[in-house]
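The values are calculated or read from the model by the stated rules, or taken from the named source; none is laboratory data. The structure displayed is predicted, hence computed values, not measured ones. Positions of Cβ are backbone-derived with ideal geometry, glycine not excepted, and every protein chain shown enters the neighbour counts.
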Amino acid sequence: MDGPANIEKLPYEVIERILSDCGVTAEDVVSCSLISKYLNGVCQRNSLWKTKYCQHYPCSYQYCESLVKDKVDWKAKFIVKYKCKKKLVQCILGLSRTFVWSMYHDYEWPDIPRRALALYETLFEEEFGKSNMYYILDECQNILTMKPQYADLTLKYYADKVYNHIYGRSITTQKWNKFLAQPTEDLTFNYEEGLHCIVVSLQQDPSTKLGHGICTQSWITFMLDSLALQTLIYLKKSYPKNPVCSIQEGRTEDLKNESKWKGEHCVEILQAAHSVLKHENGYKINNSLDGIGPHHYCIDKVLMHKKGSSKLLLVIQSCIAKRLGVHTEVHKCVTDHILDTWKLKYVGQDGSNGYIDGCDICKEDEPAISMVHSWNEGQLVDAPGMCKAIILQIVFLAECWLKGEQWPAGEPVLYDLFDEETYHQPIRLLFTAWQHVEHWKMSKLYHYMHCLLIVTGSEHIEGKLLHLSILLRINSKQTLEKLLNFRRRLGHPPNTMRDLLRMLASVDKRARTRISELKNLLSTGMTNYSILNPLASIPWPHGWPGGEIVQKRRVDRKSWQVQFAVGEVLEQRGGDLCVVYDWDSMCVESEDTLVLMGETGLSHGTDQPFYRVLTDGGSARYLAQENLRHARQPRHLKNPLIGRYFTAFIYPFYIPNPQKAYEYPEDANIREQNALTLKLKFTVHEQR
């Protein structure tokens, strides 16, 4: 060798390729540019900054690329957006500062009102114009994917709220409007695009949304093309005389709503598609819905995990057949049941048609959740009808999932939001029935119902949404007025309106106060970032925006008995982990609540400290001190509400955010003392 290896001997293109990797951040590129003049030249290349802009702001890049045709200074555009990040972070944390809440007080906000989130739609309109919402989507996505996972929890919690609201207003609505605005002849059998609209609407995980992650429309198309190619190979082996075997690429030319082959050949193609899906690739039927999300009803997740609902697998089979020149229609039983049976009907070039049944192996393994009927003549399901039926089944299963929540002492009785008899009950009874259901689970149901309303436009669905808004307390004066008019149209007696009128008078004044405070925070730019920083040592000022918060101090004999502090990770009876976010020196809940929580037969009765905790399974509980103990191996818990109270997990406890720290000013010392005591205790025990 002529001399020591030197990175500057590499060509510009090689170094640029290295720096273009998604694991190299923009900050890394800037640091690299300070090393030498040669590297600085590489780091100034416009093509490199175009790549970084696309990686960091994918939605903004797609919007910008569709409009701008001239040469763009991508580094300058990147810097402009990057400088706005601090302001956005401060404004997102303003939600935590303004909407202080308690999940056990009526008419408080367990969720953020839509009017508050709407203020963020125009936050950067002066800087970016119409693309401001795409910038917020990108920056919220960057916040949510920040490492480590257990840091900046409060910021990530509220960033997710802003992200979902902006995403629904921009991308979801735009996607559905574009889909439903198609001419009737193009819309009726456009099942594939309908499935993609469902994915765009239902996926609440930012990593799977449009522009982020691998599950874009082009990826779905690629996977369906691959299945069509596998089907063609299967046909060549099993049905070599089928005319489709002459195709080379695995896809025929598109014929609008017509088959290219005779009926008998269409049957062979559909049977081959069924065999490739179910038997060669091992796709399984699963019609269930759980707390993770509607993965079995979203085509991207189904194609990835090879497991989905029976209806979705049937439509995927139709999409494969369409690529091979077979026109199919989805038909359903005429029962109009939510869980009705679907079948594929083929229409051959010669006019012959018929239904395709599953193979003998699949008939023995019918999905337990399907309603099996004697099949005569089905009813056509067009693409919008398919979307409606799939989302309606998700809504139905989501409510069944909430009703099936098993408590230690039995099941709570919940009113059925699908039953119109519920609307004749006073609002207070709805609160009583649903008060122990976690609001994040009701938020999922609200999200699914909102997607259903976009497709159907039904007044009945809107009535369900209005009642669910009341339960989530995201209602405004306008929402309450709509609900009042909705109940009046149903001819409800005046006594069922009293709670509603009382709420209308109470909520309007308080909601306007909160929204006004948030507006002031956003308009001033929130220049003093330190008061929003959970790790700042500056004490919180006296008083609280949005109303008074009572500080809980350990000043009397009752509070001296409280052994645990807010933020400590504890073990429940049975070994499950939980984290304390609130405590009472004695029980303040009703006996019915204790029965639901399984807190009966207590040796010390109710005259002992009780704790509100978030469990590792995603629920919130109210537990007695005698049934709790310090966790031997504390860790970060998986609960959607943790970010609302805590900003980070620093072993062995959580750090409360400023709001929670202000409410419990003396718990920090108790938390640290307990951690030190436990460390010494466990160390001595291990040495023995």
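List of remarks:
- Strands (runs of 3 or more DSSP E) fully within region 553-638 counting 2 or more residues that are within 30 Å of the chain's Cα centre (by Cα): 569-572, 577-584, 610-615, 620-624
- Region 436-464 - residue that is of a type in the set (Val, Ile, Thr) and closer than 22 Å to residue 112 by Cβ and, of those, surrounded by the fewest Cβ atoms within 10 Å (Cβ to Cβ): 437
- Conditions (1) modelled with pLDDT under 85; (2) not in a helix (DSSP H, G or I); number of the one not met by residue 241: (1)
- Note on region 36-85: enclosed helices (runs of 4 or more DSSP H) holding 3 or more residues that are within 23 Å of residue 136 (Cα to Cα) and either more than 33 Å from the chain's Cα centre (by Cα) or at pLDDT below 90 (or both) are 58-67.
For every residue, the table says whether it meets (1) in contact (Cβ under 8 Å) with a residue 60 or more places away in the chain; (2) over 15 Å from residue 637 (Cβ atoms).
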position: 591; (1), (2): no, yes
position: 597; (1), (2): yes, yes
position: 604; (1), (2): no, yes
position: 607; (1), (2): no, yes
position: 611; (1), (2): no, no
position: 616; (1), (2): no, no
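- Test: residue 91 is surrounded by fewer than 19 Cβ atoms within 10 Å (Cβ to Cβ) and either in a helix (DSSP H, G or I) or in contact with a helix residue (DSSP H, G or I) (Cβ under 8 Å, 6 or more places away or on another chain) (or both): no
Residue-by-condition table, conditions (1) in the same structural domain as residue 454 (by TED's automatic domain parsing); (2) modelled with pLDDT of 85 or more; (3) in contact with a helix residue (DSSP H, G or I) (Cβ under 8 Å, 6 or more places away or on another chain):
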position: 305; (1), (2), (3): no, yes, yes
position: 309; (1), (2), (3): no, yes, yes
position: 315; (1), (2), (3): no, yes, yes
position: 330; (1), (2), (3): no, yes, yes
position: 335; (1), (2), (3): no, no, no
position: 361; (1), (2), (3): no, no, yes
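- Filtering region 656-678 to residues that are farther than 19 Å from residue 633 by Cβ and surrounded by 20 or more Cβ atoms within 10 Å (Cβ to Cβ) leaves 656, 657, 658, 659, 660, 661, 663, 664, 667.
- Subset of region 546-564 (residues that are modelled with pLDDT under 70 and closer than 18 Å to residue 656 by Cα): 549, 550
- Each residue in region 548-600 was checked for being within 21 Å of residue 665 (Cα to Cα) and charged (D, E, K, R), and 10 pass.
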